[in-house]
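S.K.: Pasting a structure below so you can have a look.
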Amino acid sequence: MCRVRKRVPDPKPRLRVSGGRRLTDETERIAGAYRRYARDGTERWSLANRGNRMALRERQRAVKAVLGPMGLLPLGARRVLDVGCGAGAEMARLVELGAEPSALTGIELLPERVASAHERFPELDVRAGNAEHIGWPDASFDLVLAYTVFSSILDNVMARNVAAEIDRVLKPGGVLLWYDFRYDNPRNPNVRKMSESMVRSLFPAFRGELRPITLLPPLSRRLGVMARMLYPAMAALPGLRSHLLGALVKDGHT
């Protein structure tokens, strides 16, 4: 049963821009793209696919490898925000890293995904909203997840707005856990690559290493019963790694 939560009023956005209609169009484009993914592409990301399972396990190991030496595991009562949390699957995986469910929060653009998250994980605080206007006070969170968020934002102004909001709600010394595409997808015009230089330009006050990870999905999905043997060997080739992952620390003096 879902808990009733007191909504925190949206703060005034820190970055004022013109072109509101353009940004509204971009929001609608993103929402439409994700609805098409849900309608037509569910099987593509299914964990019934052995290659997808291998990619997830690899990423979970990598997350532990970066957060552990930082003294963040187990996550415990540290407050965590998942930006673009979907139906809450990544938040639920954080519980496996020792997070207390009451400390986990998510914001998601699509109301139907929020409803799904409430149904699947009623103990999690998942709210509908646009990440340009995250409805929590300054310095609310110890850790913010941005998994394949910015590659879905094609408008540079919107990307800067979302980055500014993440910066605002993250505590000084807090961590941005980043995972996103480093290559363009020629078959999907609704995404773009997020190179390391682009990440650094969005988050100039953050420091930390980004490293390539995840075998190119079109390859991993075709591995079938050979995935357990072939995935590690193929993913060892840097050019075949499609994403960047890293834990970026916000300047503690801001």
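Rule-based calculations on the coordinates, nothing more; no lab input. Small disclaimer: the values here were computed from a predicted structure and weren't measured. With ideal geometry, Cβ positions are generated from the backbone for all residues, glycine too; neighbour counts draw on all protein chains shown.
S.K.: With a ≥ b ≥ c taken as the square roots of the eigenvalues of the C-alpha gyration tensor of region 114-219, please select rounded if a/c is under 1.5 and otherwise prolate if a/b is larger than b/c or oblate if it is not?
M.R.: oblate
S.K.: To the nearest 20 Debye, how big is the dipole of region 20-250 about its Cα centre, given +1 on the beta carbon of each Lys and Arg and -1 on that of each Asp and Glu?
M.R.: My answer is approximately 880 debye.
S.K.: Set the Förster distance to 41 Å, then compute FRET efficiency between LEU73 and ALA31 from the Cβ-Cβ distance, nearest 0.05.
M.R.: 0.75
S.K.: While we're looking at this one, here's another question. Rounded to the nearest 0.05, what FRET efficiency do SER201 and THR148 give with R0 = 22 Å and r taken as the Cβ-Cβ distance? Could you check?
M.R.: With a Förster radius of 22 Å, E is 0.75.
S.K.: Indicate, rounded to the nearest 5 percent, the antiparallel portion of the DSSP beta bridges found entirely in the chain.
M.R.: About 40 percent, rounded to the nearest 5.
S.K.: Let me ask something else about it. Can you give me the relative contact order of region 20-250 as a percent, contacts being Cα pairs under 8 Å and 6 or more apart?
M.R.: Answer for region 20-250 is 21 percent.
S.K.: Follow-up. Is region 20-250 rounded, prolate or oblate when judged by the Cα gyration tensor, a ≥ b ≥ c being the square roots of its eigenvalues, rounded requiring a/c under 1.5 and prolate requiring a/b larger than b/c?
M.R.: In terms of gyration-tensor shape, rounded.
S.K.: Which residue, ALA131, ALA236, ALA159, tops the fluctuation ranking in a GNM of the chain built on C-alpha contacts under 10 Å?
M.R.: It is ALA236.
S.K.: Ok, one more. Is the C-alpha gyration tensor of region 23-90 telling us rounded, prolate or oblate? Criteria: a/c under 1.5 is rounded; beyond that, a/b larger than b/c is prolate, otherwise oblate.
M.R.: In terms of gyration-tensor shape, oblate.
S.K.: Moving on to the next point. Multiply the residue separation of ARG21 and GLU119 by 0.36 nm, subtract the distance between their alpha-carbon atoms, and state the gained length in nm to one decimal.
M.R.: Length gained between ARG21 and GLU119: 31.9 nm.
S.K.: Moving to a separate point now. Relative to a virtual label point 7 Å from the Cα of GLU112 in the Cα→beta-carbon direction, which members of region 27-64 show backbone nitrogen distances below 20 Å?
M.R.: Of the residues in region 27-64, 27-47 have backbone N under 20 Å from the label point off GLU112.
S.K.: While we're on this one: With each run of n ≥ 4 DSSP H residues scored as -39500 (n - 2.57), what mean residue ellipticity at 222 nm is computed for the chain after dividing by its residue count and rounding to the nearest 500 deg cm²/dmol?
M.R.: Value at 222 nm, helices only, nearest 500: -11000 deg cm²/dmol.
S.K.: With springs only between Cα atoms under 10 Å, which of LEU143, LEU177, LEU23 fluctuates most in a Gaussian network model of the chain?
M.R.: LEU23
S.K.: For LEU145, which sequence-distant residues (separation of 5 or more, or a different chain) have an amide H within less than 5 Å of its own amide H, given hydrogens modelled in the peptide plane?
M.R.: LEU81, ASP82, VAL83, LEU177
S.K.: Enumerate the calculated ³J(HN,Hα) couplings along region 149-157 in order (Karplus 6.51 cos²θ - 1.76 cosθ + 1.60, θ = phi - 60°), each rounded to whole Hz, writing x wherever the residue is Gly or Pro.
M.R.: Once rounded to whole Hz, the list reads 8, 6, 5, 8, 9, 8, 8, 5, 5.
S.K.: Further question: Hey, in the GNM for the chain with a 10 angstrom Cα cutoff, which one of ALA99, ALA31, ALA233 fluctuates hardest?
M.R.: ALA233
S.K.: Which residue, ALA139, GLY174, LEU244, has the largest displacement toward the positive end of the dipole of the chain when charges sit on each Cβ (Lys, Arg +1; Asp, Glu -1)?
M.R.: LEU244
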